[in-house]
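Below is one structure, written out as structure tokens; comments come after it.
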Amino acid sequence: MDKKELRKLIAIWFEEDIRDGDHTSLSCIPPTQMGCQQLIIKDTGVLAGVEVAKEIINYFDPECRVEQFLHDGDHVKPGDVAFKVYGKELSLLQIERTMLNIMQRMSGVATTAHRYQSLIEDTGCHVLDTRKTTPGLRYLEKEAVALGGGMNHRIGLFDMILLKDNHVDFAGGITNALTRARDYCKEKGKNLKIEIECRNFDEIREALATNIPDRIMLDNFTPEKTKEAVNIIREWEKTAGRHMEIESSGGITIETIRAYAETGVDFVSVGALTHSYKSLDMSFKAVK
């Protein structure tokens, strides 16, 4: 994430938490007293958010010094120490919760992404995230997905065209939606990938007949129907002379992802990576 944009977020986070002062700490800790706190891992998973934490620390108090032991993407276990921070105790106490909130959430996302991707690693299929992210934290959550071994889909509505069921219905069908999307890109000079969501075999065949999309999303297909759809698309490729990316989406869980990946799809998108993860437990404790 761009550091300038990140610092804007950090300002908002501290305004939310501190306002006119951390009166608990100010009431009992001398302003010049120096100390050290360490980030202790209390769970098993994938660490994420270390670089963001360092930006948080530097933003609040540039005089704080970080002694780093672990890095983003490292696999961690209970008892591991990610880093120590030396500085004014008042600063350490005020940084603590904001830093932990971000690191625990990012590490939870990274751990969830790793869990899903590890189940399908040998299939050649990749797990994708979605736009089902926490408002304001999308870039960080998607960064965490990548740190966990997953892949990012589009970042937002601006970097890819994804024609979903509502777009298709409003546009008057598959062909209309795809044709308008292609013409729009030409008119605006946009080099955007075009993906279309298909709900049945007829829509798949209609999308293929246009030869427009770069990717077809199979929405709420069973693994059995997904396999049949993959066969249809791969047969089309022989005549078309090009590869069509295939994505499975809709209600795919940790229990079913393997079955979908084994059908031959290129991607499986899972909203749970960023909306149903469990934060990784960790704490920021004083070093005596």
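The values are calculated or read from the model by the stated rules, or taken from the named source; none is laboratory data. Just so it is clear, the structure is predicted and the values come from calculations on it, not from any experiment. For the accessible areas, the whole protein counts, side chains as well, though only heavy atoms, and no ligand, DNA or RNA atoms are used. Shrake-Rupley method; radii C 1.70, N 1.55, O 1.52, S 1.80 Å.
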(request) Provide the per residue accessible area, probe 1.4 Å, for the chain, rounded to a whole number of square angstrom. (result) 50
(request) Just the number, please: carbon plus sulfur as a percent of the accessible area of segment 168-258, 1.4 Å probe, no ligands or DNA/RNA counted. (result) 48
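How large is the translational diffusion coefficient of segment 1-93 in µm² per second when you combine the Kirkwood radius over alpha carbon pairs with Stokes-Einstein at 10 °C and 1.306 mPa s? Provide the component values of the computation, followed by the final result.
Values: Rh = 14.5 Å.
This corresponds to a translational diffusion coefficient of 109 µm²/s.
In terms of the ratio Rg/(2.2 N^0.38 Å) built on C-alpha atoms, what value belongs to segment 232-288?
On the way: Rg = 19.3 Å, N = 57, 2.2 N^0.38 = 10.2 Å.
Working it through for segment 232-288, the quotient is 1.89.
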(request) Using amide H atoms built 1.01 Å from N in the peptide plane, name the residues 5+ places from ASP219, or on other chains, whose amide H lies under 5 Å from its own. (result) CYS198
(request) Return the single residue from CYS64, CYS185, CYS36 with maximal mean-square fluctuation; model: Gaussian network over the chain, springs between Cα atoms under 10 Å. (result) CYS185
(request) Would you look at the GNM of the chain, springs on alpha carbons closer than 10 Å, and say which of ILE155, ILE12, ILE120 moves the most? (result) ILE12
(message) Can you show me the helix-derived [θ] at 222 nm for the chain, built from DSSP H runs with n ≥ 4 at -39,500 (n - 2.57) apiece and divided by the number of residues, rounded to the nearest 500.
(response) -14500 deg cm²/dmol
(request) May I ask for log10 I(q)/I(0) of segment 192-288 at q = 0.15, 0.20, 0.24 Å⁻¹, from a Debye sum over the Cα atoms as equal point scatterers with solvent left out? (result) -0.61, -0.95, -1.25
(message) Using Cα springs under 10 Å in a Gaussian network model of the chain, which residue among VAL268, VAL145, VAL85 shows the largest mean-square fluctuation?
(response) VAL85
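Using only the Cα atoms, work out Rg/Rh for the chain, with Rh taken as the Kirkwood radius, to two decimals.
Working: Rg = 23.1 Å, Rh = 21.2 Å.
Rg/Rh for the chain comes to 1.09.
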(request) For segment 192-218 and segment 132-178, compute the distance between their C-alpha centroids and round to whole Å. (result) 15
(request) Using a 1.4 Å probe over the heavy atoms of the protein chains, calculate the carbon and sulfur portion of the accessible area of segment 50-120 as a whole percent. (result) 46
(request) State the antiparallel share, in %, of DSSP beta bridges confined to the chain, rounding to the nearest 5. (result) 50
(message) Based on the alpha-carbon set only, what is the convex hull volume of segment 1-155 divided per residue, in Å³?
(response) 112
(message) Among the listed pairs LYS84/LYS132; LYS42/LYS132; LYS8/LYS288; LYS142/LYS288; LYS3/LYS132; LYS3/LYS77, which have their C-alpha atoms separated by more than 31 angstrom in this model?
(response) LYS84/LYS132; LYS8/LYS288; LYS142/LYS288
